[in-house]
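Structure record follows, encoded as structure tokens.
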Amino acid sequence: MTKFSDLALDPRVLQAVSEAGYETPTPIQAQAIPHALQGRDVLGIAQTGTGKTASFTLPMITLLGQGRARARMPRSLVLAPTRELAAQVAENFETYAKHTKLTKALLIGGVSFGEQDKLIDRGVDVLIATPGRLLDHFERGKLLLTGVQIMVVDEADRMLDMGFIPDIERIFQLTPFTRQTLFFSATMAPEIERITSTFLTNPAKIEVERQSSASQTIEQKLIQFAPSRKDRSFTEKRAVLRKLIADEGEACTNAIIFCNRKMDVDVVAKSLKSHGFNAAPIHGDLEQSQRMKTLDGFRDGSLHLLVASDVAARGLDIPAVSHVFNFDVPSHPEDYVHRIGRTGRAGRLGKAVTIAVPNDDKYIAAIESLVKQPIPRGELPEGLDLAAAGSDRPARDDSRRDGGRDGGRGERGEGRGDSRGDRGEGRGRSRGGDRNRDRAPRPVADHGQQASMDPIAVIEPVEVVAEAAPAPRREDPRRDDRREDRPRDDRRSEGRSENRGEGRSDDRNRNDRPREDRPREDRPREDRNEPRRDDRRRDDYRRDDRGGPPVVGMGDHVPDFIMRSFKIVESAHDETEEDHAPAEG
């Protein structure tokens, strides 16, 4: 049996591998490392969890043992599709190169450019990056790729799924033609084959196991059920998931739950936490610090359930994952292999459970066609009542629920509570509560039964007393009818003073005014379309004091200089051709 000591690695690398607890290489490592040490291009195809990261990490450290890094010119480059995978590769370099003086830099999004620029300026031997952030540094003039001796592309098929292939091709063109290329992938799509044939020179193709196969140490199970209603499918799937996790008991030491969409990741994680499970989400929209904190908690055991999108399905080395739950069936069959590959790693036993509804039949057929075997079917957990799983909220106290409904928003709140279920009850508790409980009851006539039990309140007729007719308004002798002869500002101030003095003193004075003097809101509806008083005044102001027609657009008078300019223009039109004729003689 081959051992690491037989692979001609640097003694310092062998010491680090031994301290990490490894003695025997995996099949992909045993076959890829010798070709990489010889300087050949390598095309490695192996399922996830077989140790592809060490297949290029160990020979790179050995080959880079001699030489010195220059500023802004890394000696080697490792491309990873996600931030988490890039960070994991960086951790492997720290583990295996701790007895060497090699330097590294990690270029990923979510981290400031300043700290990364400082590392690049000092010079690094190993540069680990995601394609987008690497090109950002290059376009800013902070990085040169002309000194790259070894280039590694990890999880190339994931690069294809995430749309990084154009960036990968551009990065290949920025590196020297004489570089050594190590290309690793779990599957080989036609686009991946085109890139390898273009940028790899006579590669050593290593395919350890059948392409897109699942590990034999993983117990697979498919749970299919038909939801009671189409709009309850998401809710009932959450109930099935919770029951499956609960039935596993202590056997489920930790688990990764995969969803297809980021918003579903948040909803499922929140649902599990509301039922007492120790769960947290991770997806691409979260801050990088939060994502790393969540992964660290899952690795050290402080987090039990990790609800993730496919950002965590590729390449993450978390060895002791006991279970994987596919809350959603992946739309791409290759993703199924990568998801369930998070468990059963390094010879351990694992269990993968997939929840499916009738709409997922075509995806299940594609997965079974890819892995060349049917997925064993399982039954729904015993004791699960899907009809009662209308809401995944925890059960509440009945007395509290009734109190919230009775002390809610009156008849309107009860109607919402009956039609919308828990939503109406929540509104009753939040907006009603003790405030309505202390309110005095509304007086209702007694008709032999309680008013609260009568669906229609009977109101006694109330005698209407006609009000006395208001006294006629007395004319104000101070009011002058010749308002047009006053300046405009005085008339406005007078109108404001009248409104303040008479309009606000008594409400009846507002009704006693002439109809045109009332505020607009107090007029009858048919009179509201009449011209406003200010508009009529404005028309009066536009008239000349001498009784002439109103001046349009120029106020009370026309400036003299405009009149002079008009005359000059008119005289210009009266000029004859003789005025423009050239002088004779």
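Order by neighbour count: Lys237, Lys362, Lys205, fewest other Cβ atoms within 10 Å first, most last.
Values: Lys237 23, Lys362 10, Lys205 14.
Listed from fewest to most nearby Cβ atoms, that is Lys362, Lys205, Lys237.
Taking 0.36 nm per residue of separation and subtracting the Cα-Cα distance, what length does fully extending His99 through Ala20 add?
Contour length minus Cα-Cα distance gives 27.2 nm.
Neighbour counts of other Cβ atoms within 10 Å put Arg140, Arg12, Arg70, Arg238 in the fewest-to-most order Arg140, Arg70, Arg12, Arg238. Per-residue Karplus couplings for the stretch 180-187, computed as 6.51 cos²θ - 1.76 cosθ + 1.60 with θ equal to phi - 60°, are listed in order as 9, 10, 10, 10, 10, 7, 8, 10 Hz, Gly and Pro entered as x. When the C-alpha to C-alpha distance is required to be over 24 Å, the pairs from Lys221/Lys362; Lys104/Lys262; Lys52/Lys118; Lys262/Lys293; Lys3/Lys351; Lys243/Lys351 that qualify are Lys104/Lys262; Lys52/Lys118; Lys3/Lys351. Going by neighbour counts of Cβ atoms within 10 Å, the residues Ile282, Ile165, Ile128 line up, fewest first, as Ile165, Ile282, Ile128.
Local charge for Arg68 was computed over the other residues whose Cβ lies under 11 Å away, with Lys and Arg +1 and Asp and Glu -1, and equals +2. Amide H contacts of Ala204 (H built 1.01 Å from N, in plane; Pro and chain starts excluded): Asp41, Val42, Leu43 sit under 5 Å, all sequence-distant by 5 or more or on other chains.
Using r as the Cβ-Cβ distance of Glu207 and Arg229, and R0 as 60 Å, what FRET efficiency do you calculate, to the nearest 0.05? Write down the numbers at each step before the final one.
Working: r = 47 Å, r/R0 = 0.78.
Efficiency computed from Cβ-Cβ geometry: 0.80.
Extending 7 Å from the Cα toward the beta-carbon at both Thr198 and Leu174 defines two label points whose distance is 1.7 nm.
Would you mind counting up the charge near Ile168? Only other residues with Cβ under 13 Å from its Cβ, with Lys and Arg at +1 and Asp and Glu at -1.
Working: positive: Arg158, Arg170, Arg194; negative: Asp154, Glu155, Asp157, Asp161, Asp167, Glu169, Glu191.
Taking every other residue near Ile168 into account, the sum is -4.
Tell me, in nm to one decimal, what length is gained between Gln288 and Asp385 on full extension, where the rule is 0.36 nm per residue of separation less the Cα-Cα distance?
Numbers: separation 97, 0.36 × 97 = 34.92 nm, distance 3.95 nm.
Extending this stretch completely gives an extra 31.0 nm.
Around the amide H of Leu107, modelled in the peptide plane, lie the amide H atoms of Ile128, Ala129, Thr130, all under 5 Å away and 5 or more residues distant in sequence or on another chain.
Between beta-carbons, use under 15 Å as the cut-off and find the net charge around Met263, counting Lys and Arg +1, Asp and Glu -1. Before the final figure, lay out each step's value.
Working: positive: Lys237, Arg238, Arg261, Lys262, Lys270; negative: Asp264, Asp266, Asp285, Asp310, Asp328.
That works out to 0.
One quarter of the convex hull surface built on the alpha carbon atoms of the stretch 65-129 amounts to 4.2 nm², the projected area averaged over directions.
Values quoted throughout were computed directly from the atomic coordinates according to the rules given, and no laboratory measurement underlies them. Since this is a predicted model, take the numbers as computed values, not measurements. Cβ: placed from backbone, ideal geometry, glycine included. Neighbour counts: every protein chain shown.
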